Amino acid sequence: MGIKYLWNILTPFCEKKPLYELQGKTVAVDLSCWICEAQNIAEYQVQPKMYLRNLYFRTSFLLLMEVYPIFVLEGKAPELKYDTISARNAIQFKGAKPKTDGVTTGKGRTRFHYVLKQCAEMLGYMGLVCLTGKGEAESFCAYLNQEGFVDGCISQDSDCFAYGAKTVYRNFSISSQGSHSASGGSIDVYNIDKVRTSLGLGRNKIIALALLCGSDYSNGVDGIGKDSSLKLFEKYSDEEILDRMRSWRKNGQIFNEFENKLADKNICTSCGHYGKLQSHNKTGCKNCGTSSGCDFSKYKEERLYIKNEVNIRNKALQDSNFPNEDLIGEYLITKDKVSKVDLNWEQPNLVSFVKFTTKQLAWEEVYAFEKFLPILTRWQLINYKNLDQVKGLKGVLYPEYIKKKRTPKGIPSYEIKWLDKENFFKGLIPECQLLEISDLEKFWSTIEPQHLVEKAYPKLIEAFLQSKVKPKKTTKKKKKDVDVDELNNSLQNISLNEPPTKKKRKDKPKAKVKTLDNFLKKAIVNNFNINQNVGHTSTPVKTVEKNNLTLDVSNFEDDNESDLSDIVDNIISKKLPDNIKIELKSLGYEINDHLNTDHCTSFFVDSPVENDLFEKTFEEKYYSSEEEMEEVETQNDVEVNDSFDVDYVPLFERLKQKKL
């Protein structure tokens, strides 16, 4: 479609870009190209009215990406295109004869106009502008781009450049596959300014290419292709090319001279002077001033250009109508002139759209509602300031709350739950379809860009952010119950003087007395338990007084300490001499020797006193000096410990603690 070979010529200057780069732009869409791409405009096809479905999803994609489209519909087709239209109808309508369009030739667009009318109706429900040109749609699109109403044209027709377009977007795709799948679609961008700078190809040369190679309006010149046409364009500027082609018929004498000069064998093909090339190579050329060879820098390349132009001219003039001024006028003469274009996006009509798609596309109401809801909410976000001023609103939704943050295709967004407070859309969806919706909250939710939500509903965002703030965890410290008596004791023990410094003792091997201490303790406890449990035995046993603790060796049974029991038995089984008994009695100790029992000992006393002989002896041997003894006596709150590595607790005190 369009001018033959033009897309191939422009391919090196094409830039493939993701669709999001169109954000914020206004584009003119050649609607007929999108319809033809669907290739299913007949009602008896497997996918009826696929053009409507494709049109909706493409348009909604642009709107949600903040690209504003202006759709241009075809006007009356020029007579130059009737043959092309007839051939296309034969393909698209399977040979069905199209109806006439009031034109005597019968080669119009009646059936195609019916399709365009359906598309325009659906676009109207979406709130978009549709313009109908007086002629070709690409002509009107190019005019809008040339005058600065739009940033570019979305079209598959290369004719747009011949009509004066500056930027053309081709191969529009919203597919999620391919090299631009992550960006959600791609498009090919062609800028005529880059082509003109690099290749010298402007609007006039593009029209000349249509005359030579063919377009929708003509078949071109037989035997002329892309290479010969581009070679012709190299010799002349964009402003000169059309006049030069017109001169082919007017100035025939000049081209006749060119032909005679090219055919004269006595003219050197290298320098263009009189003489043959072989002779100049041997003896040189007088006009060139050389003794051997000749100067080919001027004529040889020029001769190739002249030969190419003469060849094109001879083939082109076989057509008596060449160059076709009607074709040149079709491209250069602007039929559509407007001073202002309405670019306002009107409010989408959700109710009418649901009814239209249910009838034309056989969509269920719930499906149509779900697909159209984002269009309505996006329009509200963009026009939030003017909602109160809009007359005849066709339904408004209110944001209830923000569900969460989203980033579709890398765009920071919010997912918003909407509410139909005024019941605009109540009853639009049948009850049976509503019952099939598993998640109503998701059904009424849309994803909107953050920058639009911040402008329209700042309080909604503030409430959302506050709901996400986690309260600080206050760690409650448990207050310890203060014991007054303990506190007083602690205060009494505080000394304002410097604490006495302990003298470092020499490293001495520490006696392992812990095991012996435990051993003795167990003996006392076991002996006491036996005396207490006498009443429970079947054999009568003599009652033992609590103060008279008689230790039996049998009470020292312990598998882990059997080695010590033998030693202790040998020690305590011996009787004390009489002189020692007299001295102990003078000190207040009374000794009972139980001679009737082999396992009794006279080592322990019946009435324990506070400082026994064992403890006095221990203190004399354990402490190295009197100073250490004094230190120990002044220490308070000593913890009970069985080991001699810490402060020693007298045996008498330990017995009192056990309540024996």
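The values are calculated or read from the model by the stated rules, or taken from the named source; none is laboratory data. All figures in this text were calculated on a predicted structure; none of them were measured in a lab. Cβ: placed from backbone, ideal geometry, glycine included. Neighbour counts: every protein chain shown. When the accessible area is computed, the model is the full protein with side chains, heavy atoms only, and any ligands, DNA or RNA have been set aside. Shrake-Rupley method; radii C 1.70, N 1.55, O 1.52, S 1.80 Å.
Quick notes on this one:
- Phi to ³J(HN,Hα) by Karplus 6.51 cos²θ - 1.76 cosθ + 1.60 over the stretch 194-205, Hz, x for Gly, Pro: 5, 5, 5, 5, 7, 10, x, 9, x, 4, 5, 5
- Under a 5 Å amide H cut-off, with hydrogens placed 1.01 Å from N, Val29 pairs with Ile70, Phe71, Val72, Ile154 among residues at least 5 apart or on other chains.
- From phi via Karplus (6.51, -1.76, 1.60), per-residue ³J(HN,Hα) for the stretch 333-342 in Hz, x at Gly/Pro: 8, 7, 8, 9, 9, 10, 9, 8, 10, 6
- Between the stretch 292-365 and the stretch 435-456, the Cα center-to-center distance that results, in Å: 44 Å
- Shown is the FRET efficiency for Gln389 and Lys355, computed with R0 = 30 Å from the Cβ-Cβ distance and rounded to the nearest 0.05: 0.65.
- Positive dipole terminus of the stretch 189-283, leading residue within Phe255, Ser279, Ala210 (C-beta point charges): Ser279
- Taking amide hydrogens as placed 1.01 Å from N in the peptide plane, the amide H of Tyr414 sits under 5 Å from those of Arg406, Glu448, Gln450, each at least 5 positions away in sequence or on another chain.
- The order of the peptides 221-234, 333-346, 50-63 by mean Cβ neighbours within 10 Å, most packed first, is 50-63, 221-234, 333-346.
- Per-residue 3J(HN,Hα) values for the stretch 137-144, derived from phi via the Karplus relation 6.51 cos²θ - 1.76 cosθ + 1.60 with θ = phi - 60°, read 5, 5, 5, 5, 4, 5, 5, 4 Hz in sequence order (x marks Gly and Pro).
- Ordered by solvent-accessible area of protein heavy atoms (1.4 Å probe), largest first, the residues Asp319, Asp216 come out as Asp319, Asp216.
- Solvent-accessible surface of the stretch 267-404, averaged per residue with a 1.4 angstrom probe and all protein chains in place: 57 square angstrom.
- Length added when fully stretched, Ser175-Lys194, from 0.36 nm per residue minus Cα-Cα: 4.0 nm
- Point-to-point label distance, Glu37-Glu441, nm (Cα→Cβ direction, 7 Å offset): 3.9 nm
- Pair Leu434, Gln253: separation of 7 Å Cα→Cβ label points (nm): 9.0 nm
- For Ile187, nonlocal amide neighbours, meaning residues 5 or more places apart or on other chains whose placed amide H falls under 5 Å from its own, are Lys17, Leu19.
- 13 Å beta-carbon shell around Glu454, net charge (K/R +1, D/E -1): +1
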